[in-house]
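Since the structure comes first, as structure tokens, the remarks are kept for the end.
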Amino acid sequence: MQQIAIGTAHTSHLTVEERHTAQALGSGNLPVLGTPAMTALMEHAAMEAIAPQLDPTESSVGIALNITHDRASRVGETVSATATVSTTDGRRIDFTVKAVDSAGRVIGQGTHSRFVIDVKKFMSKIEK
């Protein structure tokens, strides 16, 4: 793993489809962006932010998430999530995360932490 600089960031985008709704995901009964889908988009942004600094044998796994989901987004809306490295402590990387709609309104925000792992070691523990 290379040094990961504070401020390293990535933005991921999603056009809300029926499969991303709270109704489809079982997290609610309305046809709006479900919190699990927004969460996944935030985690994806964080994963991608640090991926270029990882060795080919490494990956990262989410270990903590503390977010709010502040505004509904309809099917067809494009939302974006940005993850920005806020602190590092060895293999633990902390991020601020924020999701916005196409009008730039904040729909969710919070913090997320990931841990850099050796893929082979990690998977060998899972397979036992």
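The values are calculated or read from the model by the stated rules, or taken from the named source; none is laboratory data. If you're wondering where the values come from, they're calculated on a predicted model, not measured in any experiment. When we count neighbours, we look across all protein chains shown, and the Cβ atoms used for this are built from the backbone with ideal geometry, even at glycine. Just the protein is used for accessible areas: all its heavy atoms, side chains included, with ligands, DNA and RNA removed. Shrake-Rupley method; radii C 1.70, N 1.55, O 1.52, S 1.80 Å.
Our coupling estimate for the stretch 72-79, obtained by passing each phi through the Karplus curve with A = 6.51, B = -1.76, C = 1.60 and θ = phi - 60°, is 6, 10, 7, 4, x, 6, 9, 10 Hz, Gly and Pro reported as x.
Any idea what the relative contact order of the stretch 18-118 is, in percent, if you count C-alpha pairs under 8 Å spaced at least 6 apart?
RCO, the stretch 18-118: 28 percent.
Rolling a 1.4 Å probe across the protein heavy atoms gives the stretch 7-70 an accessible surface of 52 Å² per residue.
Scalar couplings 3J(HN,Hα) for the stretch 86-93, obtained by applying the Karplus form with A = 6.51, B = -1.76, C = 1.60 to θ = phi - 60°, are 9, 8, 9, 8, x, 8, 8, 10 Hz; x denotes Gly and Pro. Only helical runs count toward this figure. For the chain, summing -39,500 (n - 2.57) over DSSP H runs of n ≥ 4 and dividing by all residues gives -6500 deg cm²/dmol at 222 nm.
Close amide H contacts of SER102 (hydrogens built in the peptide plane, cut-off under 5 Å, sequence separation of 5 or more or a different chain): THR78.
Would you mind checking which residues have amide H under 5 Å from GLU58's amide H? H placed 1.01 Å from N; only 5 or more apart, or other chain. Here the answer is VAL119, since their amide H atoms fall under 5 Å of that of GLU58. A Stokes-Einstein calculation at 37 °C with viscosity 0.692 mPa s, built on the Kirkwood radius of the stretch 70-126 over Cα pairs, returns a diffusion coefficient of 244 µm²/s. Relative to the longest principal axis of the Cα atoms of the chain, the long axis of helix 35-50 lies at roughly 40 degrees.
Compared with the alpha-carbon gap, the fully stretched path from THR111 to LEU30 is longer by 26.6 nm at 0.36 nm per residue. Within the stretch 1-37, whose backbone N sits under 20 Å from a point 7 Å along Cα→Cβ of LYS120? Those under the cut-off are 1-2.
Over 15 Å, how big is the tail of the calculated P(r) for the stretch 19-111, in percent of all Cα pairs? Every Cα pair in the stretch 19-111 considered, those over 15 Å come to 60 percent. Amide H contacts of HIS69: none lie under 5 Å away among residues 5 or more positions distant or on a separate chain (H built 1.01 Å from N in the peptide plane; Pro and chain starts excluded).
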